[in-house]
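Inspection log for the structure reproduced underneath, given as structure tokens.
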Amino acid sequence: MYKYVDDKFDTEYSQTLPNQVTFTESELPLEEIEVREMVDAWYVSGFLPCFEHHKHEANQNVDELSLNDTAARLKKLETTLMLVIKNQAYRAAFKRLLTTMKPSNSKARLTLLLDKVENDLKVH
């Protein structure tokens, strides 16, 4: 059905992905295209600004209000992301995406979000 995924609920790719930034619905399920966009937004407007604040915090006095706003933005993005990946198809897409990421702080944080969602689903 898709070029790189046999079924949208699979957690692994059927073949290696090429090094490209965007994919079409014939290559990947729509859920994965959307998850990729959400993770990109999470990284650019949530994780990276928060990480950069902490990096500069040791060197200078960072405006506490700005730091609180950045942390609140990250929390909001992560809450939304966790809500979306409660859905089985989006969670499978999220897991596939994680397999393409190199070890990093951002991957570790995304893995933590996935673990939280999966633990919550086991409890309920």
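Within region 1-37, track down each residue that is open to solvent by 60 Å² or more (accessible area, probe 1.4 Å), touching a helix residue (DSSP H, G or I) at 6+ places or on another chain (Cβ under 9 Å) and among the basic types (Lys, Arg). Passing the criteria: only Lys8. Residues that are free of Cβ contacts under 8 Å to residues at least 60 places away in the same chain, part of a helix (DSSP H, G or I) and closer than 26 Å to Gln20 by Cα within region 81-94 comprise Leu81, Met82, Val84, Tyr90, Arg91, Phe94, listed in sequence order.
Of all the listed residues (Leu97, Leu112, Leu121), the sole one being over 18 Å from Tyr4 (Cα atoms), part of a helix (DSSP H, G or I), at pLDDT 90 or above and within 12 Å of the chain's Cα centre (by Cα) is Leu112.
The values are calculated or read from the model by the stated rules, or taken from the named source; none is laboratory data. What you are looking at is a predicted structure, and each value in this text was computed from that prediction instead of being measured. Note that each Cβ is placed from the backbone with ideal geometry, even for glycine, and that neighbours are counted across all protein chains shown. Heavy atoms of the whole protein, side chains included, go into the accessibility calculation; ligands, DNA and RNA do not. Shrake-Rupley method; radii C 1.70, N 1.55, O 1.52, S 1.80 Å.
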